[in-house]
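Visitor: One structure is given below, represented as structure tokens, and several questions about it will come after.
The values are calculated or read from the model by the stated rules, or taken from the named source; none is laboratory data. No experiment lies behind these values; they were computed from the predicted model shown. Virtual Cβ from ideal backbone geometry, glycine too; neighbours counted across all protein chains shown. What goes into the accessible areas is simple: the full protein's heavy atoms, side chains included, and nothing from ligands, DNA or RNA. Shrake-Rupley method; radii C 1.70, N 1.55, O 1.52, S 1.80 Å.
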Amino acid sequence: MTNARHLWAVARALQRDVRPCVNDGDARATLDNSIRVLTATANGLEQGPSTFLDPAVSLPLAADTDRLGGPAENAAAYRSTGAIIAQMADRLDKGEGLTAFRDAIACECALLQSAIDRMDEIEQAPPRRTIGGTDSIDPERLATYLRQRTGCDALRIESFKLVVGGRSRQTALLGLSGMGDLPARLVIQRGIPNLAAGDAFLDEVTQFNLLDRLHRAGMRVPRPLLVETDPAWLDAPFMLVELAPGATAQPEYWLPVDDRNVVLDLARQMAILHAQPVAEAGQGLRPSRSSFDLESWQAELDDMAREWNALARWPSITMSAVISWLRANVDCLDDRQAIVHNDMIFHNILAQDGTITAVLDWEQAAIGHPGEDLGYCYPVVIAATDWASFMDAYRAAGGTDIPQRQIDYFALRGGLRLMNLVLKGGRDTFEKGHSDDVLVASAGANFTQRLMHRIALVLQSILERS
């Protein structure tokens, strides 16, 4: 029995026999990500195909099935195919045109698909029991604060549930009684105590002011109610908003949204966001770059390409082709600016009856190019509907016309940028011993393979239209 088979067996046993017995929400999240790490590792040890592109082209398999020092981010780099992938990626890096590589891109995409299918067999098995929950925000201290702010001595927190997930904030749902003018159901977002503030995420006051502006402009965002910066109350700044109705439009990050109406509603909500005056609504937001001229875009691309080449442990036809395409098309960009969400896709959206009820998680909002949001959502939109319909809805709601070439650029740029972030902030953070959190390990071991597959699909879509 190979190492891969051992790991598959462990992952299946954890999913089948252990997971249904775990009620603690944090423990269950840790178990889920441990299973993901196991399946991704097992995938890397699997024996790959002996041919690539042409059945006549084959390489001898090594004695064991371990990949050739292969990276988690490229499930296609088996010993039997990795050399050919490396050769083709090197030719792309040296400037050869993309046309001759369409079949190769499709083949690497197919290899990634087969890897993901093996992982999904285990990871998407339906759970037998529902997730429980624990809390780390003290409900009694929160109730004391709310009584002081509202003047309602009868106010009580009747229900409290921590929402599992999130790396920079803790979120909980609460139900109130005796609350005066406050809604009966609220959401609290608290910063992580003792976590140093940085430029990557907006502070609570800036988020509160942005949500207030957007809510008054008619965008469907949670209605902000209270913001507190004094850590004496709950050990860190926090914000309270009204709980919006509905459920997450995309409970699993990689699954497509099954309601086309929700997808088109995203276009309308995005148009409202991008139409907000930057000078007024963007107060406190950082620009995503110091300049928006062509030289700045070219410099950013050079930096991202260097970072990928430094982080990647094995060449990728897909990623080399992406960088090649971006270099050839960077001149399509302009200097228009808007408020951008930077993660405005369906795992951050609540919906009900085909309509978006709230766009969540504004901590990465910035001043950038509207194409950044549009390109970022492009892969998930085209999995659910045609892009032309999405852009029709965007323009009808007040969004400006964005050329398709710019959408394509930002779709690929978003994939490359996210890949670098996950490799550096997930895989390397874990492997260098800066974190022993299995969530971080999962980011490098599991997320990158799926992300590369998504990027390959986007690239294929672009090349088929060119």
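Visitor: Please give the FRET efficiency for residue 184 paired with residue 288, using the beta carbon to beta carbon distance and R0 = 51 Å, rounded to the nearest 0.05.
Guide: 0.85
Visitor: Per 0.36 nm of contour for each residue apart, how much would the distance between residue 21 and residue 328 grow if the chain were fully extended, relative to their Cα-Cα spacing?
Guide: Gain in length upon complete extension: 105.2 nm.
Visitor: With a/c under 1.5 counting as rounded, go ahead and sort the stretch 253-362 into rounded, prolate or oblate using the C-alpha gyration tensor (a ≥ b ≥ c being the square roots of the eigenvalues; past the cut-off, prolate if a/b is larger than b/c, else oblate).
Guide: oblate
Visitor: Once neighbouring chains are kept in place and the probe is 1.4 Å, which whole percent of the accessible area of the stretch 313-466 is contributed by carbon and sulfur?
Guide: Accessible surface attributable to carbon and sulfur in the stretch 313-466 totals 49 percent.
Visitor: Let me ask something additional. Using just the helices of the chain, give the 222 nm mean residue ellipticity in deg cm²/dmol: DSSP H runs with n ≥ 4 each add -39,500 (n - 2.57), and the total is spread over all residues, rounded to 500.
Guide: Mean residue ellipticity at 222 nm (helix-derived): -14500 deg cm²/dmol.
Visitor: Now for a separate question. Would you work out if the chain is rounded, prolate or oblate? Take a ≥ b ≥ c from the square roots of the eigenvalues of the alpha-carbon gyration tensor; rounded if a/c is under 1.5, else prolate when a/b is larger than b/c, oblate otherwise.
Guide: oblate
Visitor: Moving on to the next point. Starting at the first residue of the stretch 279-286, write each ³J(HN,Hα) from the Karplus equation 6.51 cos²θ - 1.76 cosθ + 1.60 with θ = phi - 60°, in whole Hz, x for Gly and Pro.
Guide: Rounded to whole hertz, the list is 5, 8, 6, x, 4, x, 7, 8.
Visitor: Something else: Under a point spin-label approximation (7 Å from Cα along Cα-to-Cβ), what is the residue 114-residue 140 distance to one decimal in nm?
Guide: 5.9
Visitor: Report the full-extension gain for the segment residue 229 to residue 335: residue separation times 0.36 nm, less the Cα-Cα distance, to one decimal in nm.
Guide: 34.6 nm
Visitor: Assuming R0 = 56 Å, can you tell me the calculated FRET efficiency for the pair residue 278 and residue 9, based on Cβ-Cβ distance, to the nearest 0.05?
Guide: 0.55
Visitor: Turning to a different aspect of this structure: Quick one: which residues, 5 or more positions from residue 158 or on another chain, have an amide H under 5 Å from its amide H? H modelled 1.01 Å from N in the peptide plane, none for Pro or chain starts.
Guide: 175, 176, 177
Visitor: While we're on this one: Suppose R0 equals 41 Å; then what is the FRET efficiency for residue 203 and residue 386 from their Cβ-Cβ distance, rounded to the nearest 0.05?
Guide: In this case the efficiency is close to 0.55.
Visitor: Please give the charge dipole size of the chain, origin at the Cα centre, charges +1 on K and R Cβ atoms and -1 on D and E Cβ atoms. Round to the nearest 20 debye.
Guide: About 620 debye.
Visitor: Follow-up question, since we're still on this one. Counting only heavy atoms of protein chains, what accessible area per residue, in Å², does the stretch 335-434 have with a probe of 1.4 Å?
Guide: Result: 33 Å² of accessible area for each residue.
Visitor: Another question about this same structure. Whose amide H sits under 5 Å from the amide H of residue 384, counting only residues 5 or more places off or on another chain, with H placed in the peptide plane?
Guide: The answer is none.
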